[in-house]
Amino acid sequence: MNKDYSKYFTPSLKEARKRLNKNVEIIEYNLPKHLIGLGENKKYLIKTYGCQGNLADSEKMAGILEALGYQETFDDADADIIIFNTCAIRENAESRVFGELGRIKGLKKHNPNLLMALCGCMPQEEKVVDVVMKKYPQVDIIFGTHNIYKLGEYLYDAYFTKEKVIEVFSKEGDIVEGLPTKRDHHTKAWVNIMYGCDEFCTYCIVPYTRGKERSRHPEDILAEVQELAKEGYLEVTLLGQNVNAYGKDLNINYTFANLLDDLNKINIPRIRFTTSHPRDLDDATIEVMAKRGNIMPHLHLPVQSGSNSILKKMNRKYTKEEYLDKVSKLRKLIPDISLTTDIIVGFPNESDEDFAATLDLVTQANFEGAYTFIFSPREGTPASKYEDNIDNNTKKERLLTLNKLINEGFLRGNKRFEGQVVKVLVDGKSAKDPNLLTGYTGHNKVVNFPGDEELIGKIVDVKVEKAYTWHLRGIKN
Ligand code: SAH
Ligand code: SF4
Ligand code: F3S
């Protein structure tokens, strides 16, 4: 029996912000038997936008699709199903998706059986589902972040009903274990440790699109990492919107620091994690990081602003001084640590003084890289309604000024490795110059060096000869 999608579940931001504190359901995934073979002789293509959370979700969707018999293609014209796994964080993230949807509309003329699906964070917004229904009739399937595990059912229904399949849940969310995963990389893997976010920073859409903070059980995470180590993976990046809140919802007295400590005992060379929240980054975590082992000496610690009044309006729950205090602790225990951050400029009514405070913080914290953004109002979030008298040109100028300062830090951070021998996990050939290999150091610095293809997927010693703003250039040691 196919489901009746005429009374489909559409998103509601109001529902999505509720935190009912009900128990999180753990769903053990089983591939429905009747779906096996659905993808025989068919090809899929997934276009992924946004954060690592989406990259990890796309790998799970690819896992499901391959279990159904689909094969991957990288050519739009060759695909029988194209999935857009979307991001709603800023307006330009959404415009890119709408642009691409328009661009590939014509493909259906050549392949009338082609299905197009929209999933991820954009469908969690009421407005987006309305726009897609009205202006993008080429989209056949719409689902959200809470139900990617039902992808097979949606495809089945779309083939057999020939109607639109729309199901978006605005809820706190469950945890789905046991999904098949087709990882993009052979040596580096994403591992979700928690889902959702309860921070409600006033500018941010994520707590609405991803549900409440919910942690996976430590034994499931440790088993996954152990398995990856056995399969020969060399690097694991733990994922969560606020990894420092890990475990709080489990009520088992087990924190992120405990998890890191346990992962440090697993025989895998590199553990990374993202993203940390400055308020929740505790001493215990810094102490475990200081033990080093397989925990990499790099921390991405988004600060967002250096102005206390803006931080308050952002609901970030720390001050500039508290942030810098954590930075001092980190530098004291891990002197060589590489720190990177995220910064938003042009938050509503950000004054020249507020912006100057951000520049001052950047100088004091000595960041070695940052993602910088102009504030983008997201419908339904509190900050989208804040009064804003700052014109766009001022915002753009601030971004340029900030980026200049950030790039100086980037170069300084790279320069400190000149003359040193660093360990590089080799990703592959450099996109710009196929005669060079490229990879990352423990401090998360890009290194390019001439070398044999057989080094790809290995950790090798490279002597750094010269530092540039965006990369290091070296020779194999
Ligand atoms: N959970 C992470 C990352 C969230 S999204 C964290 O808390 O840091 C990644 C970055 O996008 C944020 O750190 C923030 O700098 C930026 N961002 C989020 N919402 C935004 C908005 N409405 N406008 C501009 N930048 C935004
Ligand atoms: Fe968004 Fe703040 Fe949550 Fe990060 S911590 S995802 S910025 S609400
Ligand atoms: Fe974007 Fe959703 Fe990630 S809004 S940044 S894809 S959580």
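Residues checked against (1) closer than 29 Å to Phe355 by Cα; (2) buried (at least 20 other Cβ atoms within 10 Å of the Cβ):
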position	(1), (2)
Leu239	no, yes
Leu259	no, yes
Asn264	no, no
Arg279	yes, no
Gly293	no, no
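Can you work out which of the residues in segment 152-198 that are within 21 Å of the chain's Cα centre (by Cα) and of a type in the set (A, V, I, L, M) is surrounded by the most Cβ atoms within 10 Å (Cβ to Cβ)?
Among them, the one singled out is Val168.
Cβ contacts < 6 Å: first residue more than 14 Å from ligand 1 (Cβ to nearest atom), restricted to segment 50-63; second residue open to solvent by 30 Å² or more (accessible area, probe 1.4 Å) and part of a helix (DSSP H, G or I), any location; separation 6+ or different chain. Result?
Every condition considered, no pair remains.
Kindly list the number of the only condition in (1) touching a strand residue (DSSP E or B) at 6+ places or on another chain (Cβ under 8 Å); (2) closer than 27 Å to Glu94 by Cβ; (3) part of a loop (DSSP other than H, G, I, E, B) that fails for Gly419.
(2)
Quick grid of which residues meet (1) at pLDDT 95 or above; (2) away from ligand 1 (no atom under 16 Å from the Cβ); (3) over 29 Å from Pro382 (Cα atoms); (4) of a type in the set (Gly, Ala, Ser):
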| residue | (1), (2), (3), (4) |
| --- | --- |
| Asn242 | yes, no, no, no |
| Asp261 | yes, yes, yes, no |
| Ile268 | yes, yes, yes, no |
| Ile286 | yes, yes, yes, no |
| Ala290 | yes, yes, yes, yes |
| Ile295 | yes, yes, yes, no |
| Pro302 | yes, no, no, no |
| Tyr323 | yes, no, no, no |
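With the condition kept exactly as written, say whether any residue in segment 184-192 is within 19 Å of Lys248 (Cα to Cα) and in contact (Cβ under 8 Å) with a residue 24 or more places away in the chain.
yes
For segment 26-41, enumerate the residues that are in contact with a Leu (Cβ under 9 Å, 6 or more places away or on another chain) and over 30 Å from Asp249 (Cα atoms).
Passing the criteria: Leu35, Ile36, Gly37, Leu38, Gly39, Glu40.
Scan the strands (runs of 3 or more DSSP E) fully inside segment 1-100 and keep the ones with 1 or more residues being open to solvent by 20 Å² or more (accessible area, probe 1.4 Å) and among the basic types (Lys, Arg).
Answer list for segment 1-100: 43-48.
Select from segment 422-434 the residues that are within 24 Å of Pro269 (Cβ to Cβ) and open to solvent by 70 Å² or more (accessible area, probe 1.4 Å) and list them in ascending order.
Hits for segment 422-434 are Lys423, Lys429.
For segment 133-151, name all the residues that are open to solvent by less than 10 Å² (accessible area, probe 1.4 Å) and under 24 Å from the mean Cα position of the chain (by Cα).
Within segment 133-151, Ile141, Ile142, Phe143, Gly144, Asn147, Leu151 meet the criteria.
Filter segment 223-237 down to the residues that are more than 16 Å from ligand 3 (Cβ to nearest atom) and open to solvent by less than 60 Å² (accessible area, probe 1.4 Å) and list them by number.
Ala223, Glu224, Val225, Leu228, Ala229, Gly232, Tyr233, Leu234, Glu235, Val236
So Glu15 passes all but one of these: (1) within 21 Å of Thr145 (Cβ to Cβ); (2) at pLDDT 95 or above; (3) acidic (Asp, Glu). Which condition number does it fail?
The one condition Glu15 does not meet is (2).
What number goes with the only condition from (1) at pLDDT below 95; (2) farther than 30 Å from Leu260 by Cβ that Leu155 does not pass?
Condition not satisfied by Leu155: (1).
Kindly indicate whether Lys429 is closer than 30 Å to Val464 by Cβ, in contact with a helix residue (DSSP H, G or I) (Cβ under 9 Å, 6 or more places away or on another chain) and basic (Lys, Arg). Break it down into steps so the answer makes sense when it comes.
Working: closer than 30 Å to Val464 by Cβ: yes; in contact with a helix residue (DSSP H, G or I) (Cβ under 9 Å, 6 or more places away or on another chain): yes; basic (Lys, Arg): yes.
Here the answer is yes, as Lys429 does meet what is asked.
With a cut-off of at least 2 residues that are within 16 Å of ligand 1 (Cβ to nearest atom), name the strands (runs of 3 or more DSSP E) lying wholly within segment 103-213. Steps first, please.
Working: elements: 115-120, 141-143, 165-167, 175-177, 188-192.
Output list reads 188-192.
Tell me which residues, restricted to segment 393-408, are of a type in the set (Val, Ile, Thr) and surrounded by fewer than 16 Cβ atoms within 10 Å (Cβ to Cβ).
Those that are of a type in the set (Val, Ile, Thr) and surrounded by fewer than 16 Cβ atoms within 10 Å (Cβ to Cβ): Thr394, Thr401.
Answer with yes or no whether Val131 is closer than 29 Å to Asp342 by Cβ and either in contact with a Cys (Cβ under 7 Å, 6 or more places away or on another chain) or of a type in the set (A, V, I, L, M) (or both).
Yes: the conditions hold for Val131.
In segment 456-469, is there at least one residue being at positive phi, open to solvent by 30 Å² or more (accessible area, probe 1.4 Å) and modelled with pLDDT of 95 or more?
Filtering segment 456-469 down to residues at positive phi leaves 457.
Next cut, open to solvent by 30 Å² or more (accessible area, probe 1.4 Å) only: none.
Looking for residues that are at positive phi, open to solvent by 30 Å² or more (accessible area, probe 1.4 Å) and modelled with pLDDT of 95 or more, one finds none in segment 456-469, hence no.
Consider segment 324-360. How many of its residues are of a type outside the set (Val, Ile, Thr) and under 19 Å from Phe200 (Cβ atoms)? Steps first, please.
Of the residues in segment 324-360, the ones of a type outside the set (Val, Ile, Thr) are 324-326, 328-333, 335-336, 338-339, 342, 346-357, 359-360.
Of the ones still in play, those that are also under 19 Å from Phe200 (Cβ atoms) are 342, 347-348.
The qualifying residues number 3.
The values are calculated or read from the model by the stated rules, or taken from the named source; none is laboratory data. Not measured: the values here are computed from a predicted model. In this analysis, Cβ positions are derived from the backbone assuming ideal geometry, glycine residues included, and neighbour counts consider all displayed protein chains. Remember, those area values only see protein heavy atoms, side chains included, never the ligands or the DNA or RNA. Shrake-Rupley method; radii C 1.70, N 1.55, O 1.52, S 1.80 Å.
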